[in-house]
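Here's the structure, in structure tokens; my notes come after.
The values are calculated or read from the model by the stated rules, or taken from the named source; none is laboratory data. The structure presented is a predicted model; accordingly, all values stated were derived computationally and were not measured. Note that we place each Cβ from the backbone using ideal geometry, even for glycine, and neighbour counts take in every protein chain shown. These area figures cover heavy atoms from the full protein model, side chains too; ligands, DNA and RNA do not enter into them. Shrake-Rupley method; radii C 1.70, N 1.55, O 1.52, S 1.80 Å.
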Amino acid sequence: MEQVPDKISFQIRLQSDNEDDLSEYWQGQCWYLYDELSRALPEGSIKPLTLGGSTGERADITILFHAIIIEITAKIFVEIVFEAIKNWHYYRQEANIEIKYPDGSIVKITKQSIPELQKYFDENPHLSM
């Protein structure tokens, strides 16, 4: 993926009402979305958050697929990321999705809000975030 000058950096956090964020099952579900986005993005960058051990400890780095950092343009967000989130959420309706923008604002995506967001994107095809 190439770097884009007008990219927007934000974080996607995936949570489940029924699973612990670090459970093997939930991390696998989140990895699925991460992998799908990694393959679909024509530009920008995507990476999961990582956790290292404390200073002086010998510990492996833990990859957190439920927390993804992504840098892309607003157009790519609407055309690819939102569609991928919507499709992923269809099969994981217990999931809660938060998108955190660089200014600190947070948008929560739930089963109820997806149709509203889709309508907004449809009505605002030249969305600027």
Is it true that some residue in region 110-129 is under 24 Å from Leu49 (Cβ atoms), touching a strand residue (DSSP E or B) at 6+ places or on another chain (Cβ under 7 Å), open to solvent by 50 Å² or more (accessible area, probe 1.4 Å) and modelled with pLDDT under 75?
yes
Inside region 75-103, the number of residues satisfying the requirement of being more than 12 Å from Ser16 (Cα to Cα) and not hydroxyl-bearing (Ser, Thr, Tyr) is 18
Of the residues in region 14-27, those that are part of a helix (DSSP H, G or I) and in contact with a strand residue (DSSP E or B) (Cβ under 8 Å, 6 or more places away or on another chain) come to Trp26, Gln27
Report, ordered by the first and then the second residue, all pairs with beta carbons closer than 6 Å, sequence separation of six or more or different chains, a first member in region 38-49 that is under 14 Å from Glu83 (Cα atoms), and a second member that is in a helix (DSSP H, G or I).
Ala40/Ile80
Out of the residues in region 84-109 that are touching a residue at least 60 places away in the same chain (Cβ under 8 Å) and farther than 29 Å from Glu24 by Cβ, which is most open to solvent (accessible area, probe 1.4 Å)?
Pro102
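Table: residues versus (1) at pLDDT 90 or above; (2) surrounded by 12 or more Cβ atoms within 10 Å (Cβ to Cβ).
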residue	(1), (2)
Cys30	yes, yes
Tyr34	yes, yes
Leu37	yes, yes
Pro48	yes, yes
Asp60	no, no
Ile68	yes, yes
Thr73	no, yes
Phe77	no, yes
Phe82	no, yes
